[in-house]
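The block underneath contains the structure these notes are about, expressed in structure tokens.
The values are calculated or read from the model by the stated rules, or taken from the named source; none is laboratory data. Since the structure is predicted, the reported quantities are computational estimates derived from the model, not experimental observations. For neighbour counting, all protein chains shown are included, and Cβ atoms are generated from backbone atoms with ideal geometry for every residue, glycine included. Accessible surface areas use protein heavy atoms only, side chains included; no ligands, DNA or RNA. Shrake-Rupley method; radii C 1.70, N 1.55, O 1.52, S 1.80 Å.
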Amino acid sequence: MPRTTRLSSSLLRAAAVTGVAALTLTACGSGSGSGSTSTGSGEVKVGLITKTDTNPFFVKMKEGAEKSAKAEGVKLMTAAGKFDGDNAGQVTAIENMVAAGVKGILITPSDSKAIVPAIEKAKAKGVLVIALDTPTEPQSAVDALFATDNLKAGELIGEYAKAAMKGKTAKIAALDLAPGVSVGVQRHNGFLKGFGATDKDVACAQDTGGDQSKGQTAMENCLQKEPGINVVYTINEPAALGAYTALKAKGREKDVLIVSVDGGCTGTKAVKDGKIAATSQQYPLKMAAEGVKAVVTYAKDGKKASGYTDTGVTLITDKAQDGVASKDTSYGLDNCWG
């Protein structure tokens with residue numbers, strides 16, 4: 001059964017100083033550990049640090065890690081930032097997990113560059129560090145990366161949007177993530193590559209933080225700047241649904257093509273309902289499960305995971321376009337998360 005592990009008073013004070021006392025380490029798993037994977041304390045500990053604990057993507061990632069940890073007989077410790085972009089919270093979580101004796105840390109970096117010094121300190125202590133979903137900058141800062149090919153995810157929806165426009169002139173809005181976040185840059189660039197466009201062809205670009213309400217505001221701003229927008233790229237499905245709300249308020253929801261990335265159940269249902277034309281589905285449960293297994297392997301024989309492991313991406317739409325490989329929402333709903 002899951003249980004909460006209380007931090008020591010010194011660690012709590014440190015967390016309070018940095019404004020992240022809300023970060024709680026949660027431990028789950030049998031804790032029994034077989035002889036081949038035991039440490040001096042008799043158990044292997046694996047850390048999982050996500051960007052937030054509210055986004056359905058990271059909720060599913062945590063579920064995948066918990067299931068894998070239980071199957072492997074190891075203890076999982078989890079933490080998350082208070083918001084997407086909370087680098088200080090993730091730094092504190094790394095420090096706390098290293099102090100708690102984890103063998104490996106799985107992390108979705110909120111800031112791909114700023115997190116690197118903390119990761120390097122953890123590695124210097126002998127901790128295996130694997131990035132999930134979002135690569136660090138440089139990618140070599142971690143031992144391994146288990147993630148969606150985010151450039152490919154963007155390319156798929158870009159190719160789809162280009163085909164769906166059927167030669168019509170596109171006025172593109174890009175609802176992005178935030179500056180400096182590699183996953184957002186890769187999806188954005190992938191979309192443009194797939195569409196055969198450049199940033200010069202984007203009529204309006206706004207950051208949303210992947211948030212639905214901010215996506216709505218961003219779309220409202222773009223419509224004021226360029227009322228003729230007819231293609232909307234979005235960093236994720238919450239941003240896409242925010243864009244849809246703004247478009248519907250203007251009576252434009254029927255004539256604007258929205259494409260996105262994620263493949264969550266809510267987003268996939270939105271594709272089925274016609275709110276989003278297509279989405280690139282990714283698989284967070286697989287990322288986390290494979291990450292836990294990699295840490296267990298390291299604990300057993302010292303073999304470190306390395307390089308990049310592509311955990312897959314599939315274009316989901318009910319309006320297939322010639323020359324663009326896709327699967328329908330029945331497949332998407334069978335494989336969605338959240």
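In the set K60, K113, K51, which member is over 19 Å from T136 (Cα atoms) and at pLDDT 60 or above?
Result of the check over K60, K113, K51: K60.
Of all residues in the range 103-134 being open to solvent by 10 Å² or more (accessible area, probe 1.4 Å) and not charged (D, E, K, R), which is farthest from K293 (Cα to Cα)?
So, considering only residues that are open to solvent by 10 Å² or more (accessible area, probe 1.4 Å) and not charged (D, E, K, R), the one farthest from K293 (Cα to Cα) is A114.
Scan the helices (runs of 4 or more DSSP H) fully inside the range 256-338 and keep the ones with 1 or more residues being within 19 Å of V232 (Cα to Cα).
Of the helices (runs of 4 or more DSSP H) lying wholly inside the range 256-338, those with at least 1 residues that are within 19 Å of V232 (Cα to Cα) span 265-272.
Within the bounds of the range 257-280, is there any residue that is at pLDDT 95 or above, open to solvent by less than 30 Å² (accessible area, probe 1.4 Å), among the polar types (S, T, N, Q) and farther than 18 Å from A147 by Cβ?
The answer is yes; a qualifying residue exists.
Just the residues that are among the hydrophobic types (A, V, I, L, M, F, W, C) and surrounded by fewer than 24 Cβ atoms within 10 Å (Cβ to Cβ), please, taken from the range 202-246.
Within the range 202-246, V202, A203, C204, A205, L223, I229, L241, A246 qualify.
Return the total of residues in the range 135-186 being among the β-branched types (V, I, T), surrounded by 23 or more Cβ atoms within 10 Å (Cβ to Cβ) and over 16 Å from T317 (Cβ atoms).
Of the residues in that region, 5 qualify.
Do we have A161 as more than 17 Å from the chain's Cα centre (by Cα) and closer than 17 Å to Y233 by Cα here?
yes
Restrict the check to the range 270-284 and report whether at least one residue is in contact (Cβ under 8 Å) with a residue 60 or more places away in the chain and touching a Phe, Trp or Tyr at 6+ places or on another chain (Cβ under 7 Å).
yes
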